[in-house]
Structure formats: C-alpha cells, structure tokens
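Structure, as structure tokens:
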Amino acid sequence: MDRARRRERRFVGLWLLAMVLQLLLWFPWQPKVLRPGLDMPYYYAINELFLHHAQFADIVHPHGPYGFLKNDLYHPRTFSLVVGVRLLVFAVFALLAARTASRWASTSRGGALWVALLVAVAWYGDAYFICLSVLAFLAFWSALDAADRARWSAVALALALVSLMKFTYGLMVVALVGLMVLAAALEWVARRPEARTRWTAASIAAAAAWPALFALGVLVLWVAAGQEPAGLIDYVASRLEFSAGYSESHALAGPTYRIVAFLAAGTVFWLVFLLREARRLGVLALPPAAALGLWLALAAKHSFLRHDADHAVHGAFQGLCMAAVFGLLTLRRSGPGERPGRRAAAIVAIAAMAAASLSLITFDRAHGFGAGFFRHLDPRRMVVEAGQTVADPSRNHDRHLRALARIRRAQPLPALDGTVDVYPWDLSPAFAHGLALDSRPSLGSHMADRPDIALANARHLAAPGGPDHVLFRVDALDHRFPAMDDGPSWPVLLAGFRLRSAAADLLVLDRAATGRRLEWGETDVREVAFGQRVEVTHDDDRLLWLRVDLVRTRRGGLLAAAWRGPIAYLSVECATGGERWYRLVPGAARAGFLLSPLVTDNAGFVALLEGSWPRELAAERVRALTLHTEFGDGWYWEPGIRVELRGLTVH
C-alpha cells in the first residue's frame, strides 16, 4: 500500500510540475494583438469564421473550425474560450507527461527533469499538439491491462479537438488512431494460442473505446462549431486537394546541409529505436516505431518544404520533442522477459537528433525567428506578465483597442456601407475599421493555387450578392508574378468595379451600377519548352492574357508528396528592354492571368481601371516570355508546355 501511495504522490507531483511550467511558459498572459501583415490578420479571421459559423468545407485554407484555439492572438469574443480550452489542454498534456515520466523514468528526480525538459521544448503550436497526440498514442500502446487502457480512453476526445484545429494535425492523429488499432491487433497475434482465449470482451471494449470516442468526438465538435454534418467529408476532401497543391505553390529552397543533417540524424535515431524495441518486444515494437517515423516525416516536410527560418524552427522543436519522448522510451529499463540492450548507441542517436534539431534554428538575435524563440524560457518575465494581467484584467482588451487604432491611423478609409473583400491578403484594415467582411473562399490570394479555387474566388466577386467594396493592393508573396494570384478576379474588378479612392497603400473599389463589357480575342495556342524564348505581340488597346499548363509526371507527383516540387519561374522582357524574373505557381498559372502590360503597383492598376494604360504603361508592355524550372526538366514535368495567349479589351 505504501508503494502504491508513493507512486500516486509521484504522479501527482509530476502533474503539478507540468501544469505550473505550462502556466508559466505557454499561458497567454499577454497574447499577441492584431497587426498588419500576412499571418496575423489570417489568424484573426479564423476567429471571425468560427463566430459566424462559416462552413469550413467551403473555405480553402489549412485550418479547421477550432484553429483559433492554437494561436496566441487576442480576439475579444473568443479569448475567454481560448483561455478555458487552453487550461483543459494543459491538464491533458500534464496527465500524459506525468504518466510517461512515472512509467519510464528511473527516478523521481529524473522524471521531474524530463517533464521540465519536455514542457520547455514543446513550443505551443505544432510541436505541442503533435507531442500531445503521440503521448496519447503511447498511453494506449503501453497500457498495463484493459482497465488501464479504458481509464485513459477519454484522452481520445482531446485528440478529436486537436484534429479539428489544423488539417495536418488531423492527418497525424488519424494515423496514430490507426496505429492504436494495429497495436491492439498485434497484441492479440503475439499471444500464445492458449492465451488468446483470455482476450476478453473487456479487453476488446477497452481497445475499441479509443477510436470510437475519437470518431464520436470529431463529429460532436464539428457540429458544435456550427458545421453541417455532411460537410465533414467535403472538408477532408478539400483539404487533401489543397495539400496536394501546397508543395508547388509555397515551396522555398534553403540550406541543403540542414536537410541532410536532420534526415540523417532522424534516420539513425529511428533505426536505433526500432532495433532496441524489436529486441525487447518483437513485433509489438512496430506501432511506436511507425509513430516515430510518421512524426519525423511530418517534421521534415514542415521544415523543408517552405524552408525559411519560421518553418525550420517549428521542425527544430518537433525534433527536440521526439528526442525527449522517444529517447526516454528507448532508455527505459527493460521489464520482465525483455532483452536489455546497450545504451551507448541510443545516447549517441538521441544527442545527434537534438543537435540536428538545434541546427535548424537561426541563432541570430537580429532575426525575428532566431534566438527570440527562447524568450519563452524566461519564467521571470512570464511571472511579471502574469502579475500585470491579474492586477488589470482589462489590460489585454486595452492593448487590442490600441492596436486597432494604430491600424486605422496608418490605413485611413472612407466610410463604407455594405460588405467588403480584401485583395490580396491583409485583412487587418477591414477588422480595424469594423467593416462587414465578405471574403472569397480562399481568404487570401496566395492560397488560390489551383484553377478551381481562383475561379471560385472570381465567381464570388462577380456574383450579384458579392462584396459591395474591395480593398485592393498589387502585391505578391515570394516574388510571384504580380497579376498571377487570383488572376481570374482581375477582369471582374476591371469590368464591375470603380475606383473611389487611393487610401495610403490601398485602393478602395466600389461595385459599379453598370459594368463594363469584356471582349475576348482568339486564343493563340503554343507548345514550348523550358528555356525557350517566346515572342508575344498584341494590339495597342488590348490587354494580353496568359495561361500556362504545367503538368507534372507520376514521378513528380511522388516527389511533391514526399518533399516538394521544383520552383517554376517566368521571365519577361518589356518594351524598355531587360529581363525580369518572377515566380510562377503552376496551379495559379493554369487559371490564367494578365501578362501585359506588366502591372507592379497600385498606380498601374489604376491605369487599367481608368483605361489610360496604353499611354501610362507603354514601357511595361511585354514583348517576350520564357519559362524556367529549378530542377526536374524532363522528369518532374511532362514535356511540351501548353501556353495560351489571348487578347482582352475592356469597353
């Protein structure tokens, strides 16, 4: 009895330690407030979508209806819900961490150090929620008996919530639930024939409770968010399609040595874990080894598909979490009937995994995603922030109001009645001015990376019940061709909207009572190759529309799924001479966009609207174009690129 009480006290102590550390490091005592840019307005918009019960099956972006719960961004109408759910998630994470430490750490002090390390590296976001999901899987896999497995089955409800925050979380959680089923099946297979008869109904029920509760939780939470039940299937299908195009549209190249180091260390770590666990448990080692492999693959793709400092650091903390969780598992003492192994190789593999993960972080204090990421390890600062918030509960709301006022001062707008959409992506002026947002399906133009999305955006804009006003700016992510993102929306804007004002760096467009007429010319179809210069001509009063059909091979599709596709480029020569290079997104290029004149700023778009472009943009008329690819010519892309050129006159 004394031993059982000591174990219970140890578990409670580890849980309290994890809770206190999470409250210090990850609780949003002073959350971020809205500011202009790409990400913050998008995160704020997810709150708005949740509040207005927008159907996420009809919206194209990576997050689910509960995506706002994972972000430290203040919204006055959802922040109390964020705080409540955050505390519940903290409790679940602390329970799982305490269970793992009390089960596999050799000493109480070692368990406490491991919990502290895990909470420190489980940076709230991707690393935190994937780590929570893996800990839940390990709780299922390592259950002592049916009663122990049933006791922890309620954790599956937390997995349901995580899966509806972000689609990549959902994919990982579904895979882990599938591995739970595999683990239960392997337990039955590994038993001796006479022992299988003791696989009672209670054992089956305990194993089935996890996937059943997960499925039920997903459906209940989906409906609770105001979503149509049948829309869940469409949501999954649309996110799978979106993920398929993300590789080519958002890929960025980065230092190759980081990729090699992380993949090499990850492979060694996985092999050492697999061999040690197979030596201990035989076939029962397959499910946790598969879970580690999936986590490695997810972290590598997250870090190296869009290989910039922001995304690499996400992979870094995931790698550190892997080293902590599976390192503890592989270094645990062998149980009765298990074959012990030497620890030296495991320690070297864990150290290599940690070192490779740390190498992904840009240790430059001047860089926003560098050393600043370790500021969360300053409990003193967090205590000060917590004290300020407790002493003045309205502090965060006041910060929010001041942030909105700053945006309004920087971006003044005329009084606008009716609904508004914003091109290309910065929604902050609409929120700061309290405008009624009627956003297109992709929210931002940079996510219209397939023809069907770009055309759906254009239909939304052209519909009689579409937005009454558009806040517009010529801008592009990753130096893309300026008119390419949401290219099909440009003719709709030219024909159906009029310029009201040019406020700061935004054009305010009003829906016209009488639209202009669009006259399309004959289509000039050509088949070209990468590196081939294509001369183009068009009448002085005609715009020139371009459509490029880049088709990847089956080998290319496999590479895009495993890592990323090559970056495609479009270089153009204008009347003034010289060559200008831009990024080309294959999916957006298939939808078509304005090639000539080359419009690079708001003044150029105003010239299009007012019909003065033949004179004012004469120097920007494109006379030749060339397609290029980072790599893969001849094996990633199908040979023979179909290019369509078409004149357009706006009357």
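Would you mind finding the one in VAL551, VAL622, VAL585, VAL650 that is in contact (Cβ under 8 Å) with a residue 24 or more places away in the chain, under 30 Å from SER243 (Cβ atoms) and crowded, with 17+ Cβ neighbours inside 10 Å? Show your work before the answer.
Values: VAL551 fails: crowded, with 17+ Cβ neighbours inside 10 Å; VAL622 fails: under 30 Å from SER243 (Cβ atoms); VAL650 fails: under 30 Å from SER243 (Cβ atoms).
Among VAL551, VAL622, VAL585, VAL650, only VAL585 is in contact (Cβ under 8 Å) with a residue 24 or more places away in the chain, under 30 Å from SER243 (Cβ atoms) and crowded, with 17+ Cβ neighbours inside 10 Å.
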Scanning the stretch 29-46 residue by residue, those open to solvent by 10 Å² or more (accessible area, probe 1.4 Å) and at negative phi turn out to be TRP29, GLN30, LYS32, VAL33, ARG35, PRO36, LEU38, ASP39, MET40, TYR42, TYR43, TYR44
Taking the stretch 47-100 and keeping residues touching a strand residue (DSSP E or B) at 6+ places or on another chain (Cβ under 8 Å), open to solvent by 30 Å² or more (accessible area, probe 1.4 Å) and at pLDDT 95 or above leaves GLU48
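If only one of ARG77, ARG10, ARG6, ARG86 is basic (Lys, Arg), within 23 Å of GLN388 (Cα to Cα) and not in a loop (DSSP other than H, G, I, E, B), which one is it? Before the answer, list the steps.
Numbers: ARG77 fails: not in a loop (DSSP other than H, G, I, E, B); ARG10 fails: within 23 Å of GLN388 (Cα to Cα); ARG6 fails: within 23 Å of GLN388 (Cα to Cα).
Selected residue: ARG86, the only one of ARG77, ARG10, ARG6, ARG86 that is basic (Lys, Arg), within 23 Å of GLN388 (Cα to Cα) and not in a loop (DSSP other than H, G, I, E, B).
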Among (1) among the hydrophobic types (A, V, I, L, M, F, W, C); (2) closer than 30 Å to LYS301 by Cα; (3) in contact with a Pro (Cβ under 6 Å, 6 or more places away or on another chain); (4) open to solvent by less than 30 Å² (accessible area, probe 1.4 Å), LEU617 falls short only on (2)
The one condition ARG279 fails out of (1) open to solvent by 40 Å² or more (accessible area, probe 1.4 Å); (2) in contact with a Pro (Cβ under 8 Å, 6 or more places away or on another chain); (3) not hydrophobic (A, V, I, L, M, F, W, C) is (2)
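In the list LEU617, LEU595, LEU609, which residue meets the criterion of being closer than 24 Å to GLU535 by Cβ, touching a strand residue (DSSP E or B) at 6+ places or on another chain (Cβ under 7 Å) and aliphatic (A, V, I, L, M)? Walk me through it before giving the result.
On the way: LEU617 fails: touching a strand residue (DSSP E or B) at 6+ places or on another chain (Cβ under 7 Å); LEU609 fails: closer than 24 Å to GLU535 by Cβ.
None of the others qualify; the one that does is LEU595.
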Of the candidates LEU171, LEU144, the one satisfying the condition of being over 29 Å from LEU23 (Cβ atoms) and under 17 Å from the mean Cα position of the chain (by Cα) is LEU171
The number of residues in the stretch 528-543 that are closer than 12 Å to THR626 by Cβ, open to solvent by less than 50 Å² (accessible area, probe 1.4 Å) and not in a loop (DSSP other than H, G, I, E, B) is 2
Taking the stretch 110-133 and keeping only residues that are closer than 16 Å to PHE167 by Cα and either acidic (Asp, Glu) or over 22 Å from the mean Cα position of the chain (by Cα) (or both), one is left with ASP126
- Would you call VAL525 within 27 Å of the chain's Cα centre (by Cα), β-branched (Val, Ile, Thr) and either surrounded by 14 or more Cβ atoms within 10 Å (Cβ to Cβ) or at pLDDT 90 or above (or both)? no
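From the list ASP398, ASP392, ASP426, ASP421, which one is out of contact with any Leu (no Cβ under 8 Å at 6 or more places or on another chain), charged (D, E, K, R) and under 23 Å from LEU51 (Cα atoms)?
ASP398
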Filtering helices (runs of 4 or more DSSP H) wholly in the stretch 120-179 for at least 3 residues that are closer than 25 Å to HIS311 by Cα gives 126-141, 155-163
Residue hits (the stretch 101-141; more than 16 Å from PHE27 (Cα to Cα), hydroxyl-bearing (Ser, Thr, Tyr) and open to solvent by 10 Å² or more (accessible area, probe 1.4 Å)) are SER102, SER106, THR107, SER108
Scanning the stretch 501-518 residue by residue, those modelled with pLDDT of 95 or more and charged (D, E, K, R) turn out to be ASP510, ARG511
Considering residues that are within 29 Å of the chain's Cα centre (by Cα) and crowded, with 17+ Cβ neighbours inside 10 Å, the number found within the stretch 386-402 is 2
When restricted to GLY226, GLY217, the only residue closer than 22 Å to LEU81 by Cα, small (Gly, Ala, Ser) and in a helix (DSSP H, G or I) is GLY217
### Query
So is LEU509 in contact with a Pro (Cβ under 7 Å, 6 or more places away or on another chain) and either open to solvent by 30 Å² or more (accessible area, probe 1.4 Å) or closer than 18 Å to ARG440 by Cβ (or both) or not?
no
Practice prompt. Inspect the stretch 182-192 for any residue being under 22 Å from SER102 (Cβ atoms) and open to solvent by less than 10 Å² (accessible area, probe 1.4 Å) and give the result as yes or no.
Written response: yes
Expected output for the stretch 61-76 (first residue more than 16 Å from ARG395 (Cβ to Cβ) and without any contact (Cβ under 8 Å) to a residue 24 or more places away in the chain, partner assigned to a loop (DSSP other than H, G, I, E, B) and acidic (Asp, Glu), Cβ below 6 Å, 6+ apart or cross-chain) is none
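Identify the residue in the stretch 403-420 that is among the aliphatic types (A, V, I, L, M) and within 14 Å of ARG500 (Cα to Cα) and, among all such residues, is most open to solvent (accessible area, probe 1.4 Å). Break it down into steps so the answer makes sense when it comes.
The first filter runs over the stretch 403-420 and keeps only residues among the aliphatic types (A, V, I, L, M), leaving 403-405, 407, 410, 413, 415-416, 420.
If we keep only those that are within 14 Å of ARG500 (Cα to Cα) too, we end up with 413, 415-416, 420.
Working: LEU413: 33, ALA415: 89, LEU416: 21, VAL420: 0 Å².
Filtering first and then ranking leaves ALA415.
Residue-by-condition table, conditions (1) more than 23 Å from LEU427 (Cβ to Cβ); (2) of a type in the set (A, V, I, L, M):
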{"residue": "ALA454", "(1), (2)": "no, yes"}
{"residue": "LEU471", "(1), (2)": "no, yes"}
{"residue": "TRP490", "(1), (2)": "no, no"}
{"residue": "PHE497", "(1), (2)": "no, no"}
{"residue": "LEU509", "(1), (2)": "no, yes"}
{"residue": "GLU519", "(1), (2)": "yes, no"}
{"residue": "PHE530", "(1), (2)": "yes, no"}
{"residue": "VAL536", "(1), (2)": "yes, yes"}
Flagged pairs (Cβ under 6 angstrom, 6 or more apart or on separate chains; first in the stretch 196-225, at pLDDT below 85; second open to solvent by 70 Å² or more (accessible area, probe 1.4 Å)) are TRP199/TRP188
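Taking the stretch 440-492 on its own, how many of its residues are of a type in the set (Ser, Thr, Tyr) and free of Cβ contacts under 8 Å to residues at least 60 places away in the same chain? Working first, answer last.
The first filter runs over the stretch 440-492 and keeps only residues of a type in the set (Ser, Thr, Tyr), leaving 442, 445, 489.
With free of Cβ contacts under 8 Å to residues at least 60 places away in the same chain added as a condition, the list becomes 445.
Number satisfying all stated conditions: 1.
Only one of ALA225, ALA265, ALA253 is open to solvent by 50 Å² or more (accessible area, probe 1.4 Å) and at negative phi; which?
Working: ALA225 fails: open to solvent by 50 Å² or more (accessible area, probe 1.4 Å); ALA265 fails: open to solvent by 50 Å² or more (accessible area, probe 1.4 Å).
After applying the criteria, what remains is ALA253.
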Condition check: in contact with a strand residue (DSSP E or B) (Cβ under 6 Å, 6 or more places away or on another chain) and either over 18 Å from ASP475 (Cβ atoms) or buried (at least 18 other Cβ atoms within 10 Å of the Cβ) (or both). Does LEU546 satisfy that? yes
Note on PRO566: of the conditions (1) open to solvent by 10 Å² or more (accessible area, probe 1.4 Å); (2) in a loop (DSSP other than H, G, I, E, B); (3) more than 14 Å from GLU620 (Cα to Cα); (4) not basic (Lys, Arg), unmet is (1)
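The values are calculated or read from the model by the stated rules, or taken from the named source; none is laboratory data. In this text, all values refer to a predicted model and were calculated from it rather than measured experimentally. Cβ coordinates were reconstructed from backbone atoms using ideal geometry, including for glycine residues, and neighbour counts include every protein chain displayed. These area figures cover heavy atoms from the full protein model, side chains too; ligands, DNA and RNA do not enter into them. Shrake-Rupley method; radii C 1.70, N 1.55, O 1.52, S 1.80 Å.
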